[in-house]
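Contents: one structure, followed by commentary.
Computed from the coordinates by the stated procedures, all read-outs in this text should not be read as laboratory data. Computed from a predicted model, the values in this text were never measured in an experiment. With ideal geometry, Cβ positions are generated from the backbone for all residues, glycine too; neighbour counts draw on all protein chains shown.
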Amino acid sequence: MTDAPIAAHATIEDAAPIAERPGFHLVDPSPWPIVGSICALLTAVGLILTMKDLTFLGGKTGPLVLAVGIAGILFTMAGWWRDVIFEAQTGHHNALVRHGLTIGMILFIASEVMFFVAWFWAFFASSLGASDAQVYGRLDFTGGLWPPKGTEVIDPLRLPLMNTFVLVASSFAVNVAHDEFREGNREGFKGFLMVAIALGVLFVGGQAYEYIHAPFAFRNSIYGATFFMATGFHGAHVIIGVIFLTVCLMRAFAGQFTPRHHLGFQFAAWYWHFVDVVWLFLFSCIYLWGSWGATIEAATG
């Protein structure tokens, strides 16, 4: 398919000569950073209250605080995306601004890498230090073994392996969608993007099922705590990635992307591939290596 039909969908961003806006775009004062920060704090407080089953303001309000925080984050995402899309559609994203946005996205993903490094560190510190605690007499809750004594683990070769194939296939679909779009095939782009989103939703559903039927709990278990924190935050990132791709799909139907300018989708693709790579490390380290020699749940059920 040629690029001729795509010209009809050209955005103001394409039409605005770069020479007319040679400098950086100074954004208008925005409420979203402070609103998003407050909602993130509410979400964190709600998680702690819920997971610890603590009382607050005279009752167990953890789930309510958590729900308000999550709703606020979703509201912030919608408002912030709306403003950024408006900037792009009104010609503010010239070449220099797009370069700055690209550097910002790279730094953001780098910060996310370090975020997950912390959870891997917690998992390996707990697992590799289990036997050392027995030797040096340190306080230990593992019995000198990893996984701890009496812990049944999830079979990594069943649902986790299926989820791995699902997420890798979704990442592949995003790649194909990108290739289709650069070749001018809008329908193919939207089709493969919908496949990627559907597979992402399937992954989240599979992880939710796994959590509900997990043979170990989050509380009173160092194995459960490190497992759920690492995989749970990854699941949250998958949900954010699905929302990111869905926004791109809506923009594609609105004709806001062109083969020359589709930075929003490019960022979504980067983020999705990052989520995919993190899962491969989680599956290899926490599911496979972390369950080595342990009692598999299916073997006793």
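Which whole-number percent is the relative contact order of region 139-258 (Cα, under 8 Å, 6+ apart)?
After rounding, I find 28 percent.
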Potential lengthening between Phe56 and Ala198 on full extension [0.36 nm per residue; Cα-Cα distance subtracted]: 47.3 nm
Projected-area average for region 181-299 over all orientations - Cα convex hull basis, square nanometres: 8.5
All lysines inside 26 Å of Lys149 as judged from Cα atoms, apart from same-chain residues fewer than 8 positions distant: Lys52
Separation of the Arg158 and Ser284 label points, Cα + 7 Å toward Cβ, nm: 2.5
Highest average packing first - 110-120, 194-204, Cβ atoms within 10 Å: 194-204, 110-120
Extension reserve of the Ile296-Gln89 stretch, reckoned as 0.36 nm per residue once the Cα distance is removed: 69.2 nm
